[in-house]
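Below is one structure, written out as structure tokens, with a few remarks after it.
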Amino acid sequence: MNNFSGTLGLIELLNSLPLTCSNSCYKSPGASADVGNISIMINSAATQSVLAFNPPEPDLVPYECTRSSGVLAFWGDDGEDIYSFENGKIVQEAGTSIEEFAAPVSQECKKFCDLRGLNSVLAKCLVKVKEIFSNIEKLSAELDYFRDNQEEDSTHIVIRVEVSSNQKTALRNYDRWTCWMAKNVTPNDSEFFTLTVRRV
Amino acid sequence: MDPTEFLKTAELLKTHTEQPHLRTSVGRSYYAAILFFRECLKNLGLEKKKHPSQQAHDFVIQCLRFSGVTEAVKASQYLKDLQQIREDADYHLERIFSQNDAEDTFVKAQKLINDFKQKMTKEKEKTLLNSALAHAKQKDWI
């Protein structure tokens, strides 16, 4: 199980943040149980909690000892804020994870978007789907992975739309969607998105 | 064998109503498309030589996606979406596949191949090759 040995920047970052927390836990991606405790770094007078995620990262190259990137989540009674950091520096401001999506998005998908900084892209995609497709019966976003892809983490977002259109309209709209994706979403982001269109 | 011949099988199967036929039709449509593009890339000189059995689909899709040619980027999105439908068909047994699903997947695969054949020019192929080659090297695929 993972622990803080590979997240040097995390500790530095936590020590540098003006935290006021009374309890804390550390979780590895996909793990259901706490795997460590960082309360020593948290001010004991606090009332909030902190949760730290390690992001999926490729294997270390020889002589490389550690990486320091991931997501910190701070929450209190009024909701959750997410910070992303890389090399000990915050790259995503608190509150950006509370994105207003135009359709239901699964919790796993939201967390994945937080980790990858894809919240705004997903929000933009969902708005565009609503704009392009007519007669939408159902629209949602969830996480999936390609089962035959044996080498790399192939986790990606699936936007599922159900329409009550005829084939010609549905396929023409789908084609418009792919054109929009090709021109408006960078390859580095678009590789995390798929869209399925079902005529119902 | 010309991979687009798989479309004939897909067309035959989508006329049936049973789940195995419809799901297999979806799979044949996807494989017609992905193999067509794999062969196109191979003809341009782009072939996954390192660990060819791994990430074979990703190689094709990403070479197109990072090609810098809009038609190819668009094709990569079609392919990835078709890959999703094919995975749904082969692994998500709880989902019911309809003739609409098989028919739409078939038409998408057919259109994807035909559009690419029509819209690619020698100049675009050259751009695709240079950009995709750089990406493939960066990924240590070539």
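Counting the residues of segment A:167-200 that are free of Cβ contacts under 8 Å to residues at least 60 places away in the same chain, under 21 Å from residue B:95 (Cα atoms) and not in a helix (DSSP H, G or I) gives 4. The number of residues in segment A:184-198 being more than 9 Å from chain B (Cβ to nearest Cβ) and hydroxyl-bearing (Ser, Thr, Tyr) comes to 1. Would you call residue B:48 more than 9 Å from chain A (Cβ to nearest Cβ) and within 25 Å of residue A:188 (Cβ to Cβ)? The answer is yes for residue B:48.
One residue stands out in segment B:85-134 among those that are outside any helix (DSSP H, G or I) and within 19 Å of residue A:179 (Cβ to Cβ): the one that is farthest from the other protein chains (Cβ to nearest Cβ), namely B:121. Taking segment A:153-183 as the range and being at the interface with another protein chain (Cβ under 10 Å from one of its Cβ atoms) and either of a type in the set (Asp, Glu) or touching a Pro at 6+ places or on another chain (Cβ under 9 Å) (or both) as the test, only A:175 passes.
Just one of the numbered conditions (1) under 21 Å from residue B:120 (Cβ atoms); (2) charged (D, E, K, R); (3) crowded, with 20+ Cβ neighbours inside 10 Å is not true of residue B:47: (3). Taking segment B:54-113 as the range and being touching a Leu at 6+ places or on another chain (Cβ under 8 Å), surrounded by fewer than 19 Cβ atoms within 10 Å (Cβ to Cβ) and of a type in the set (Val, Ile, Thr) as the test, only B:107 passes. Entry remark, segment B:1-20: residues being in a helix (DSSP H, G or I) and touching a residue at least 60 places away in the same chain (Cβ under 8 Å) number 6 in total.
Here, each number is a calculation from the coordinates, and none is a lab measurement. Quick caveat, the model's predicted, so the values are computed rather than measured. All Cβ positions, glycine included, derive from the backbone under ideal geometry; neighbour counts span all protein chains shown.
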